[in-house]
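What follows is a set of notes on a single structure, which appears directly below.
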Amino acid sequence: MSATDMITLSPEQADELARTVLQAWGLAPDHASAVAHTMVSGERDGCTSHGLYRLLVAANSVERGVVVPDAVPEVSEPASALVRVDGKGGFAQLPFAQGLPLLVAKAKAHGIAAMALNNVVHFAALWPEVEALAEQGLVGLAFTPSHAWVAPEGGTKPVFGTNPLAFGWPRPDGQAPFVFDFATSAVARGEIELHRRAGKAIPDTWGYDAQGNPSTDAEAVLDGAMRTFGAHKGAALAALVELIAGPLIGDMTSAESLAADEGRGGAPLGGELVIAIDPAGFLGSGVADHLRRAEAMFAAIEGQGARLPGSRRLAARAVSDVQGLRIPAKLYQDIMDVLER
Ligand code: NDP
Ligand code: PYC
């Protein structure tokens, strides 16, 4: 099998594969469905660092006892505009799905609401979550710390996680929402892991080796420290994510998550903060007119040949829906090996 061999799966086959692997590893069926949905969505949208590759990551977290595979999440309401879901040590996807209807109802009742997911294991992209909110007419924001892998600007020792933040904005006339989602590190760690698997060099701006020198060796950077994007600006945003999705919601920082992992190499442990804003809260019956004004900004971006965040993803989704999901044959083989372990 060569590194460039690919195989094609329909979205349904990919979902079946993911659920089969996850259940074989002991995940309760409701967890397996929620987790498979996120991974297949990532693969379908061309987000390969958070697609089916994450089956290997999830399997690792189960095998090493990092995640509770059959956790039963508990939803509570700490205040009238707040939702809390205690994930009881399980993966984050089912707790999100179980808290979502209450978050939406509270945002529509109050104009703004927030949901904390606590005590969850997080390996995933955040865009499916803010997209789900925007599809219900709400502006969505989501944040989660990870493991301390990323150095502050001016340092070379890890403090922050790769700490993604995601934003979703509803658009009129049946258009897909405006969504962006990025790590506050120069690149997601999953992307460096994919380079390591493929034996490819990385740009020397992505991180440092353990001696603090810029490096093009993916393995050396995984063992050293990643860098933030945008120098001090990315570092400040990484700190923001640590604070509002860690201590603010009573959960772990990335450093605490890494310590709690105790060297097992599992996915990050801790919390996530999701904020939902109903545009009608400020705009009342004028909501449609004001959302249309946002369209002028999008047109000004695209009108000069620039692209909107999310447009590559939506184009990849359209291709996948016709041609199926193309994944490296090696990844498929590794998933099969995990299934048989
Ligand atoms: P990318 O750099 O791949 O993409 C970041 C965003 O920028 C996307 O919304 C992308 O849109 C957009 N974008 C990229 N290029 C352009 C461009 N030229 N013009 C306009 N927009 C552009 O993301 P990352 O590598 O930083 O993160 C990948 C994923 O990893 C995220 O989904 C994130 O949630 C996940 N992650 C999860 C973590 C966790 O702890 N759970 C930790 C770290 C990352 P498009 O998709 O259309 O290209
Ligand atoms: O790619 O940095 C990453 C990541 C961390 C947790 C999930 N993805």
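The values are calculated or read from the model by the stated rules, or taken from the named source; none is laboratory data. This is a predicted model, so every value here is computed, not measured. All Cβ positions, glycine included, derive from the backbone under ideal geometry; neighbour counts span all protein chains shown.
Details
- Matching residues in region 253-285 - criterion: being part of a helix (DSSP H, G or I) and either under 26 Å from Ser49 (Cβ atoms) or within 14 Å of ligand 2 (Cβ to nearest atom) (or both): Ser254, Ala255, Glu256, Ser257, Leu258, Ala259, Ala260, Asp261
- For the residues Pro101, Pro78, the requirement of being modelled with pLDDT of 95 or more, more than 18 Å from the chain's Cα centre (by Cα), not small (Gly, Ala, Ser) and not in a helix (DSSP H, G or I) singles out Pro78.
- The residue of region 232-252 that is surrounded by the fewest Cβ atoms within 10 Å (Cβ to Cβ), among those that are within 14 Å of ligand 2 (Cβ to nearest atom) and closer than 17 Å to Asn118 by Cα, is Met252.
- Which numbered condition Glu16 misses (of (1) outside the structural domain of Asp251 (by TED's automatic domain parsing); (2) touching a helix residue (DSSP H, G or I) at 6+ places or on another chain (Cβ under 8 Å); (3) of a type in the set (Asp, Glu)): (2)
- Flag for Leu314 being within 16 Å of ligand 1 (Cβ to nearest atom) and either of a type in the set (S, T, N, Q) or out of contact with any strand residue (DSSP E or B) (no Cβ under 8 Å at 6 or more places or on another chain) (or both): yes
- Members of region 170-194 found to be more than 12 Å from ligand 1 (Cβ to nearest atom) and not basic (Lys, Arg), listed by number: Pro170, Pro172, Asp173, Gly174, Gln175
- Being assigned to a loop (DSSP other than H, G, I, E, B) and either within 16 Å of ligand 2 (Cβ to nearest atom) or within 28 Å of Ala114 (Cα to Cα) (or both) is a description that applies to Gln175.
- Residue check, Ala58 over 15 Å from Arg341 (Cα atoms) and surrounded by 17 or more Cβ atoms within 10 Å (Cβ to Cβ): no
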